[in-house]
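Have a look at the structure below before the remarks.
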Amino acid sequence: MTGLSLAVGLLGLSGLAAVFLNGSPRLATGVAALGAVAACAAGLWPAVSVLTGGPPLAMKWVSAGAFGDFELGVDPLSAFFLVPLLGLGGVTAAYGREYLLAYQGRKWLGPPALFFNLLVASMVVVLTARTAVLFLIAWEVMSLSAYLLVSFDDELPEVRRAGWVFLICAHLGLACLTALFLLLDQHAHGLSFSAFLSAPPMGAGLSAGLFALAVVGFGVKAGFVPVHVWLPEAHAAAPSHVSALMSGVLIKLGLYGLLRTLTFLPRADWWGPTLIVVGLSGALFGITLALYQRDLKRVLAYSSIENVGLVTVGLGIAFWGASRNLPAVAALGALGALLHLWNHVLMKGLLFLAAGSGVHGAGTRDLERLGGLVKRMPHTAAALLVGSVAIAGLPPLNGFVSEWLLYRGLIGGGSAFGGAGGVLSLLSVGVVSGVGGLTALCFMRASGVALLGQARSDAAAQAHESSAWMTGPMWLLAALAGAAALFPGRLAAALAGTIGQLFGATVRASATAELSGLTRLGEVGFWLWVALGAAWVALAWLVRAPAPEVGTWDCGYAAPTSRMQYTARSFSQLFEDLLPSALRARAVLRAPRSYFPPAGSYATQCDDPLTRGLYLPFIASWADRFARLRWLQQGHLHMYLLYILVVVVLALAWVGWTGGVPP
Amino acid sequence: MSPHLLVHWALVLAMPPLLLGLATKTKAAFAGRVGPPLFQPYYDIVKLLRKGSVFSRTTSWVFRAGPVVGLVTAVAATGLVPLGGHPAPLSFEGDLVLFAYLFALGRFFTVAAALDTGSAFEGMGAAREAAFSALAEPALFLALVSLARASGSQSLTSMLGCGLANVWAHAGAALLLVAVSLFIVLLAENSRIPVDDPTTHLELTMIHEVMVLDHGGPALGFIEYGAAVKLFALGAIVVRVAVPFGTNAWAAWGIFAAAMLGLATAIGVVESVMARLRLVQVPLLLVTACLLSGFGIVLVAR
């Protein structure tokens, strides 16, 4: 626990130091980043030790009055999330300094450095808190610091809007969580997690209600559909290192909260299928929307919704298998979910850092204005390609390993569950493979249009490669993604404690039995690399004669320009046309009319269909109703005093009528 | 190395271009022509490998990765397929997922290489290939999954091994649906009529061929050979489901080879008697394949 306390202290102090050193931006960001890297290194050690079978850590803090003691601890479930948090936190802090320095002279850099460190520190506390009050306080600090970081570019109206949407969603989620913990407190007569665990058995109704509250409340953070609407806005608006950390870890804390809550509840049969349906709909919705976004970072954000969905499917298989007493199936689902979560931290961290570097170099996030970066920014382009292959779940990179486990879990469940459950599980394979095919399509489009061909704008043609402080972290994550695919057995061995804590000892034993298969898959991946290398050398030998360089043939047209290239929009159009019209991007056409037409215009808007079709009309209709209450707001002090008097009298009357305040 | 493995790799490496030659020959016979020699694809590939290369100055290393990854993934996928019921060189629980994803990897880099040229035509082909294969993927998966459910195993070697004849006995209807679905996937994934016409002369209507317009010489040789091997790999699965006979004896190799030649002839017949579908109708065909496999699953798992 010392290491983690040290980490939180270091993060806070170095962040404050950055604010005081605000006058010299290089020093301020340097101190904050150095503090964050050191803190993450210090905290990583205890987390890894707990994960690899060390004893769980615990600590009791000062008594906090009415809320009881503040307890902290690290068990395998916390450690499972702490490791990627501290790992990615350190990497993004190093990258983020260089990223922020581009704003030197235009913006204060001390405060964002503080908010970043505060975000990492609050996430550490969320993961180690063992009482509901401390958990909620840290959760709120996490949301607020993330909000302050998202609004970094606050001179842009869409960034301010993204920040507001994030803040509102975060607090609606918090309302559900407060209700959840109050209900748990009422049942267990205590606010500490140990009290929740040792509470008397719970009724099925209460348990189902708490499950629903947890899925909605934590789902807002995790990006479950339909409560995901803040996610694409905030990820696109935030600075890229913050997007990487949010997509990599912050949304995963939603899953942490859900899993932590589920350990307090008696396991029910229907959790598994429910989570599978929630996960599948999120995965399908996320990737469908990711397909046609113009903004590179929105593509990545929607893909995060998809990946959280896949993790949820894996958790669903695991809970279903565990409740049906099929440890082999549960183990595959659990391994797949947890491994995919870690893999997604690597892949999405890599992708956001690479996208950030591309945005930094080319000055735009718009796919239609990028292109040709592979020549101008070779490191960034390679990193983005590695990330794209990995996130499409293709061998020989890490995304494949976890998707392989998910498929095996679903197919195994289809054979073992029998009946309607079996058919659901087998048909889910079809949905997951469809999602896989669409992910490949989506990332072929994103990476192909952004990186390959000719530059689509002057800015992209003048793009410059980022410094080693930005490419270094990308290469580190890319190397880890490759290594995670070569040694999946060793990686999965570290999950045993978490699986045991969540699903019981028999599932844990089955998971351990699966490790040899994973090691085998790593070897297959290794030989695939060897074969690819050999074929590459063979082709290089065959074309060794100096090859003349000419223009692209383009069916005989001699002077192709970048405007003739296939655009991102046309690349996805074939599939978009198959979608129901509510899900498509909206076209806004101002057609030229009359004999002397003024200028016409055509634009597409890729805003979220749920925001557009569901939430905005809903909010607008309520706003109208509330507008009718405006006469209450008179603007005269004596009227407000009268309101206070009326409320106090009513409250006293109610207390008198019900017989006093409960002790 | 056991003699059976030698036969496996000999067939994988030597037979694929013959299938293309036979399909072309069948089409020629239907049209009343003599057609190119049966071994023409071999000559073409050898000739291409000995030629020089030309590269567009727009392209990068990604352009050269396309042919390499396409060929390696196709050959690697054949290593997972039990030819004629003989165990595959590599088999493990869950290898069916690897089989499907290897093709996806090859496609990813073929498409990336096409986009790397910056050509409008190649971008068009790439978009079509990517969209259609995204629809073909669930069909392939559902077909393989219903085979897995019927045989109680997740490795291609056991799914398509000697027990397949028994599966036909108790789940014949499901296997029939699966075989049809796999055949559609085979036609779509290998850019044959009715999805794509490999011999058309108009780039605007092409899918696969238009993606490789800028490749030449050895790189094009890699692509042509890789495409033939891919046809062989998917064809071997279709053939095994349709002709589940044979023990682990030498006769099984003969049955398998004859059935593969029959499949190539069947592809030639389909190409001769059908026109290419309009592009907007291709998704319907692929969704039909998904539904057929899905019904197969329901029949097997009910």
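The values are calculated or read from the model by the stated rules, or taken from the named source; none is laboratory data. Keep in mind that what you see is a predicted model, and the values were worked out from it rather than measured. When we count neighbours, we look across all protein chains shown, and the Cβ atoms used for this are built from the backbone with ideal geometry, even at glycine. Note: accessible area is taken over every heavy atom of the protein model, side chains too, but ligands, DNA and RNA are not part of it. Shrake-Rupley method; radii C 1.70, N 1.55, O 1.52, S 1.80 Å.
Provide the buried accessible surface between chains B and A in square angstrom, both chains summed, 1.4 Å probe, rounded to the nearest 100. The contact between A and B buries close to 6100 Å². Surface composition of the protein assembly as shown: carbon and sulfur make up 69 percent of the accessible area, probe 1.4 Å. Each semi-axis of the equivalent ellipsoid for the range A:1-137 is √(5λ) with λ an eigenvalue of the Cα gyration tensor; in descending order they amount to 29, 17, 10 Å.
Surface exposure of chain B, expressed per residue as accessible area with a 1.4 Å probe, stands at 33 Å².
Taking N as the residue count of the range B:128-275, its C-alpha radius of gyration divided by 2.2 N^0.38 Å amounts to 1.14. In a DSSP loop and with at most 11 other Cβ atoms within 10 Å, there are no GluC sites (Glu not before Pro) in the range B:79-149. The H on the amide N of A:D69, modeled in the peptide plane, is under 5 Å from the matching H of A:A64, each at least 5 residues off or on a different chain. For peptide A:608-620, the mean count of partner chain Cβ atoms within 10 Å of a residue's Cβ comes to 0.
Beyond 14 Å, what percent of the Cα pairs of the range A:414-484 remain?
Of all Cα-Cα pairs in the range A:414-484, 78 percent lie more than 14 Å apart.
Dimensions of the range A:522-604 based on its C-alpha atoms, expressed as ranges along the principal axes with the largest first, amount to 64, 40, 15 Å. Both radii were evaluated on the Cα set of chain B; the Rg over Rh quotient, with Rh as the Kirkwood radius, amounts to 0.96.
Considering helices alone, the calculated mean residue ellipticity of chain A at 222 nm is -24000 deg cm²/dmol, with DSSP H runs of length four and up weighted by -39500 (n - 2.57) and normalised per residue.
For the range A:372-505, the ratio of Cα radius of gyration to the globular rule of thumb 2.2 N^0.38 Å stands at 1.37. With an 8 Å cut-off on Cα pairs and a minimum separation of 6 or more residues, tell me the relative contact order of chain B in percent. 31 percent. Over chain B, DSSP H runs of length four or greater, each weighted -39,500 (n - 2.57), average out per residue to a 222 nm ellipticity of -24000 deg cm²/dmol.
Computed about the Cα centre, the dipole magnitude for the range B:1-68 is approximately 280 debye when only Lys and Arg (+1) and Asp and Glu (-1) carry charge, each at its Cβ.
Restricted to Cα atoms, the protein assembly as shown shows a radius of gyration and a Dmax of 29.5, 105 angstrom. Per residue, the accessible area of the range A:426-522 comes to 33 Å², computed with a 1.4 Å probe over protein heavy atoms only. In terms of overall dimensions, the range A:118-277 has a Cα radius of gyration and Dmax of 16.2, 53 angstrom.
Cross-link pairs exceeding 25 Å in C-alpha to C-alpha distance, out of A:K107/A:K348; B:K27/B:K51; A:K297/B:K230; B:K25/B:K47; A:K221/A:K297, comprise A:K107/A:K348; B:K27/B:K51; A:K297/B:K230. In this structure, A:L156 and A:A651 have a Cβ-Cβ separation that, at R0 = 41 Å, corresponds to a calculated FRET efficiency of about 0.35.
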